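Read through the structure below, which is laid out as structure tokens, and then see the notes.
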Amino acid sequence: MKQLVFDIAPPPLPSLQNFVIGLNGEVLATLRAMLEGSIHERVVYLWGGAGCGKSHLLHGFAAAASAHHLRSCLARDTQMCTEDEAALCDVLLVDDVLALDEPNQNRLFNIMNRLRDGSGLLIASGPYAPMHLNIRQDLASRLAQGLVFQVKCLSDEDKAQALMTHAQGRGFTLPRDVVGYLLKQWKRDLPSLMAVLEALDRYSLEMKRPITVPLAREVLALLLKSS
């Protein structure tokens, strides 16, 4: 049994460059325009279901902001930064406003009031459109006053194209029947699919066998057995 297949490399860090666009071209274009200063909107709210890429976009925006010499603060896991910390940042990113408890919602509301008189940017996300969030209504209203985008989940064809493009970047061709097998038999979020693709590539090289559905079946069986 080859240990190599178990050592799945972590997925690449999220960036705006490696975000698979699908139907979200306007979202990505807006975020890039904010970084370049070509639009003057200061608040963007992204909503959508689990796995659609909201967190990827927030982390990618943070990385891009750093490249533009902007200071960013990422709030997640129910914990907001303090108002003083936010005042020192150029970009505040809030991953899932619905997870914020009342004190942290109050803090975000106060920070957004400051944003209207300052020069910072706010990118926030949540599972629903602002007015359908179970948070304080004046905060929901403030979020709705910015640019609001639904981040749409990738279709199977989008995922298939992303996998084949990633395979080409690694120097091999991924057959369509293998793509279909992975989409049916493995976790359906793109980072998990990318990770198993890399394991499949390494296993193929180690075993000196072409990438086929039987080889993919072996790899998934080994991964499931080791989990």
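The values are calculated or read from the model by the stated rules, or taken from the named source; none is laboratory data. On a predicted model such as this, the values are computed, not experimentally measured, just so you know. Neighbour counts are summed over all protein chains in view; Cβ atoms, including those assigned to glycine, are modelled from backbone coordinates with ideal geometry.
crowded, with 16+ Cβ neighbours inside 10 Å, free of Cβ contacts under 8 Å to residues at least 40 places away in the same chain and among the hydroxyl-bearing types (Ser, Thr, Tyr): does that describe Ser66? Working first, answer last.
Details: crowded, with 16+ Cβ neighbours inside 10 Å: no; free of Cβ contacts under 8 Å to residues at least 40 places away in the same chain: yes; among the hydroxyl-bearing types (Ser, Thr, Tyr): yes.
Here the answer is no, as Ser66 does not meet what is asked.
Select from the stretch 169-214 the residues that are of a type in the set (S, T, N, Q) and more than 21 Å from the chain's Cα centre (by Cα) and write down the one among them that is surrounded by the fewest Cβ atoms within 10 Å (Cβ to Cβ). Give the derivation first.
In the first step, residues of the stretch 169-214 are kept if they are of a type in the set (S, T, N, Q); the result is 173, 185, 192, 204, 212.
With the extra rule that they be more than 21 Å from the chain's Cα centre (by Cα), the set shrinks to 173, 185, 204, 212.
On the way: Thr173: 11, Gln185: 14, Ser204: 18, Thr212: 14.
Among residues in the stretch 169-214 that are of a type in the set (S, T, N, Q) and more than 21 Å from the chain's Cα centre (by Cα), the one surrounded by the fewest Cβ atoms within 10 Å (Cβ to Cβ) is Thr173.
Can you tell me which residue is farthest from Leu93 (Cα to Cα) among those in the stretch 35-62 that are aliphatic (A, V, I, L, M) and over 12 Å from the mean Cα position of the chain (by Cα)? Even if it seems obvious, please write down each step before you answer.
Narrowing the stretch 35-62 to residues aliphatic (A, V, I, L, M): 35, 39, 43-44, 46, 50, 57-58, 62.
Filter again for over 12 Å from the mean Cα position of the chain (by Cα), leaving 35, 39, 43-44.
Numbers: Leu35: 13, Ile39: 18, Val43: 10, Val44: 10 Å.
For the stretch 35-62, the residue satisfying everything is Ile39.
Could you please give the count of residues in the stretch 120-163 that are of a type outside the set (A, V, I, L, M, F, W, C) and either more than 20 Å from Leu58 (Cβ to Cβ) or in a helix (DSSP H, G or I) (or both)? Working first, answer last.
Step one: filter the stretch 120-163 for residues of a type outside the set (A, V, I, L, M, F, W, C), giving 120, 125-128, 130, 132, 134, 136-138, 141-142, 145-146, 150, 152, 155-159, 161.
So of that shortlist, the ones also either more than 20 Å from Leu58 (Cβ to Cβ) or in a helix (DSSP H, G or I) (or both) come out as 130, 132, 134, 136-138, 141-142, 145, 155-159, 161.
Qualifying residue count, the stretch 120-163: 15.
Hey, could you check the stretch 112-143 for residues that are over 22 Å from Thr82 (Cβ atoms) and hydroxyl-bearing (Ser, Thr, Tyr) and say which is surrounded by the most Cβ atoms within 10 Å (Cβ to Cβ)?
Checking each candidate, the answer is Tyr128.
Could you say whether any residue in the stretch 85-100 is free of Cβ contacts under 8 Å to residues at least 12 places away in the same chain and in the same structural domain as Leu139 (by TED's automatic domain parsing)? Reasoning before the result, please.
We begin by selecting, within the stretch 85-100, every residue free of Cβ contacts under 8 Å to residues at least 12 places away in the same chain; these are none.
No, because not a single residue in the stretch 85-100 is free of Cβ contacts under 8 Å to residues at least 12 places away in the same chain and in the same structural domain as Leu139 (by TED's automatic domain parsing).
Among the residues of the stretch 117-144, count how many are free of Cβ contacts under 8 Å to residues at least 60 places away in the same chain and basic (Lys, Arg).
Number satisfying all stated conditions: 1.
Name, by its number, the condition in (1) in the same structural domain as Leu100 (by TED's automatic domain parsing); (2) more than 19 Å from Gly51 (Cα to Cα) that does not hold for Arg209.
(1)
Read through the list (1) surrounded by 17 or more Cβ atoms within 10 Å (Cβ to Cβ); (2) at pLDDT 95 or above; (3) under 30 Å from Leu200 (Cβ atoms), then give the number of the only condition that Tyr45 fails.
(3)
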